[in-house]
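Heads up, the thing below is written out as structure tokens.
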């Protein structure tokens, strides 16, 4: 009976994912296992000549205040260090070992095999993203920027030596660094943007054009698999085809399929933006960092469209692009530039033409807003560097954005504002597959600090020996769990079943005492019900959880920033305020872990409140004035 129920749940989930998408993925996996796909992707060595990939061009007007961090990073790279996930510096050699996982020092085996014959997960190697990261070529933008502002030949020599070494050790379609079309797309973005930085974008070397053309061949032949994912892969791969195909056409007439790539890329960009971006700007992946990946990809598409003087995209493209920018603006803390650590976080930072911190979302917002709306969100700062390279820094733009207000976003988010704090609440809206069990998660920000936090991701393929929590679990979010079970059934590494739909979602209201109030309710597949009501006063947030159903026990959990705390008379006191409850109750606080960056964790405090019967329970968070 249990097996039948699970089969039925898989069938139900397949219909939600889309029959055609699932059918294509099934066909794709069959062609991998059978070896058929090797015939679609012939291996080919790159023809290495004495010509350099990128030549020298020095800039003279780079703001000197931006230099220190840039040159510090560039010097680390010339010493054989690469920054993984915009956070971890790892020494992997000069030139690098392109097949090393520096987190466990294992080397990917059988690198001469066709990429389609290599497994997705190898226990002895670990997370394949740790292999791919060095081959994303983030370092090319750092080295090119450093050379362009100093003229130091060590930077340009390292840049060319490393690209040459990568091409020699990674023949087309051979080895793990060709397994993913999106990884190839990211290399295209970084190489073409580096040509721009070095003022070589309109007179590139033939070896650079050949390398990019080979990447476009790989992407083009497998793009339907990316489209079937209904996520960022389809958009990024389509954008690489659009930019790369048009860029090659503008510089040479010897690449026969360049026009075809460009046309196909434009078609799928338009399709993916129309299908995957909600009217309010929310993206299909329910993730802050993937929202930024979306914005960065759109930045590249629109910048190169303008640069190459190509026809504009459709009205719906621009409407949804601006909505996506505004969506991220609404969820960005204005004081810090940071955002709630919502949903999956894989460490991606596509727009790496600046030296800001990974969790600073201002560079993407500022650049996207200028490109799409001729507006700025923020005053000038280091986050403006991409505009410098795009030659839009010195153009005056008036800030026309209104101050953010409390609102409910139909894509599944509630944002409530007060003078010193603001909250985000996640409610169920799953037109596309959810990744985390985070329904009714509550995130709280106070004076630019995230004091009640989301969990992050840590890794998509954590080592079994690691004793870390499941960051996607309901037990890692600030919400309720019934009988210690997940809100939605875990069917696979990236797949949940029993998608929750809301029973009710209210607008934000103001009562006579000028209190802001929001409430919503859902019922899970076991007929348990959770109603959450948020009331915001001048310096307090009141969370009322009304729990009903057949559950035996329930827990209410919160991730608290790792501050010093004390407990007095059932009141939890912290540096920023206190938390108290509507009645005496059982609760405990233990050490937990939060992951702000991929493959990184740090300590937090996990508050767990025990509920043993259906009831209404009130948690009051009082902030220092």
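I need the calculated FRET efficiency for the pair residue 618 and residue 431, taking r as the beta carbon distance and R₀ as 30 Å, to the nearest 0.05. Could the numbers behind the result be given before it?
On the way: r = 33 Å, r/R0 = 1.09.
With a Förster radius of 30 Å, E is 0.35.
What value, in deg cm²/dmol to 500, does the helix sum -39500 (n - 2.57) over DSSP H runs of n ≥ 4 give at 222 nm once divided by the residues of the chain? Don't jump to the answer; show the numbers that get you there.
On the way: 15 runs with 208 residues, N = 625.
After summing the helix terms and dividing by residue count, I get -10500 deg cm²/dmol.
Taking the highest mean first, how do the peptides 603-610, 127-134 order by number of other beta carbon atoms within 10 angstrom per residue?
On the way: 603-610: 17.4, 127-134: 22.9.
Averaged packing, sorted descending, gives the order 127-134, 603-610.
Hey, if you drop one equal point scatterer on each alpha-carbon of the stretch 414-623 and run the Debye formula without solvent, what base-10 log of I(q)/I(0) do you get at q = 0.13, 0.16 Å⁻¹?
-0.73, -1.15
If the chain between residue 97 and residue 202 were fully stretched, how many nm would it gain, using 0.36 nm times the residue separation less the Cα-Cα distance? Don't skip to the end; give the middle numbers.
On the way: separation 105, 0.36 × 105 = 37.80 nm, distance 3.16 nm.
So the chain would gain 34.6 nm between residue 97 and residue 202.
Please sort 523-531, 349-357 by packing, taking for each peptide the average over its residues of neighbouring beta carbons within 10 angstrom, highest first. Before the final figure, lay out the partial values.
Values: 523-531: 17.2, 349-357: 22.8.
Top of the packing list down: 349-357, 523-531.
What translational diffusion coefficient, to the nearest whole µm²/s, does the chain have by Stokes-Einstein, given a Kirkwood radius computed over alpha-carbon pairs, a temperature of 4 °C and 1.567 mPa s viscosity?
Rounded to a whole number, D works out at 50 µm²/s.
What distance in nm separates the simple spin-label points at residue 563 and residue 44, each placed 7 Å from Cα in the Cβ direction?
6.0 nm
Using the basic label-point model (7 angstrom from Cα toward the beta carbon), what is the residue 513 to residue 334 distance in nanometres?
2.7 nm
Counting only C-alpha contacts under 8 Å and six or more residues apart, can you give the relative contact order of the chain as a whole percent? Can you show the working numbers first?
Values: 1218 pairs, mean separation 60.8, N = 625.
Computed value for the chain: 10 percent relative contact order.
For the stretch 513-625, just list the percent of Cα-Cα distances falling in each 10 Å bin from zero outward, please.
Bin by bin from 0 Å, the calculated values are 12, 38, 35, 14, 0.
Run the numbers on the stretch 414-623 and let me know its relative contact order in percent, using alpha-carbon pairs under 8 Å that are six or more apart.
Values: 491 pairs, mean separation 41.3, N = 210.
Across the stretch 414-623, relative contact order equals 20 percent.
In whole Å, what three semi-axes, largest first, describe the equivalent ellipsoid of the stretch 58-179 built from its Cα gyration tensor (square root of 5 times each eigenvalue)? Can you show the working numbers first?
On the way: eigenvalues 181, 45, 23 Å².
With the √(5λ) rule applied to the stretch 58-179, the semi-axes are 30, 15, 11 Å.
Order the peptides 228-240, 554-566 from the highest to the lowest mean number of other Cβ atoms within 10 Å of their residues. Each step should come with its number before you reach the end.
Details: 228-240: 25.8, 554-566: 18.3.
By packing density, highest mean first, the sequence is 228-240, 554-566.
7 Å from Cα along Cα→Cβ at both residue 582 and residue 110: what's the point-to-point distance in nm?
About 5.9 nm, to one decimal.
Let me have the relative contact order for the stretch 58-179, percent, based on Cα pairs under 8 Å that are six or more residues apart.
Details: 141 pairs, mean separation 38.9, N = 122.
Relative CO of the stretch 58-179 lands at 32 percent.
If I fit a long axis through the Cα atoms of helix 138-150 and take the longest principal axis of the Cα atoms of the chain, what angle between them do I get, 0 to 90°, rounded to 10?
Rounded to the nearest ten degrees, it is 60.
Which angle from 0 to 90°, rounded to the nearest 10, does the C-alpha axis of helix 2-17 make with the longest principal axis of the chain?
On a 0 to 90 degree scale, this one is about 60.
Give, in whole angstrom and from largest to smallest, the semi-axes √(5λ) of the equivalent ellipsoid of the stretch 223-356, with λ running over the eigenvalues of the Cα gyration tensor.
27, 16, 14
What FRET efficiency, computed as 1/(1 + (r/R0)^6) with R0 = 35 Å and r the Cβ-Cβ distance, is obtained for residue 570 and residue 485, rounded to the nearest 0.05?
Working: r = 28 Å, r/R0 = 0.79.
Once the sixth-power term is evaluated, E becomes 0.80.
Tell me the angle of helix 288-307 to the major Cα principal axis of the chain, expressed in degrees between 0 and 90 and rounded to the nearest ten.
It works out to around 30 degrees.
Taking 0.36 nm per residue of separation and subtracting the Cα-Cα distance, what length does fully extending residue 67 through residue 461 add?
Details: separation 394, 0.36 × 394 = 141.84 nm, distance 3.64 nm.
Computed gain between residue 67 and residue 461 is 138.2 nm.
If R₀ is 22 angstrom, what is the calculated FRET efficiency for the pair residue 375 and residue 279, using the beta carbon separation as r and rounding to 0.05? The partial results should precede the final answer.
Values: r = 20 Å, r/R0 = 0.92.
Given R0 = 22 Å and the Cβ-Cβ separation, E is 0.65.
Bear in mind these aren't lab numbers, they're just calculated from the coordinates by the rules spelled out. Because the structure is a prediction, the values reported are computed rather than measured. Glycine also receives a Cβ, built like all others from the backbone with ideal geometry; neighbour counts cover every protein chain displayed.
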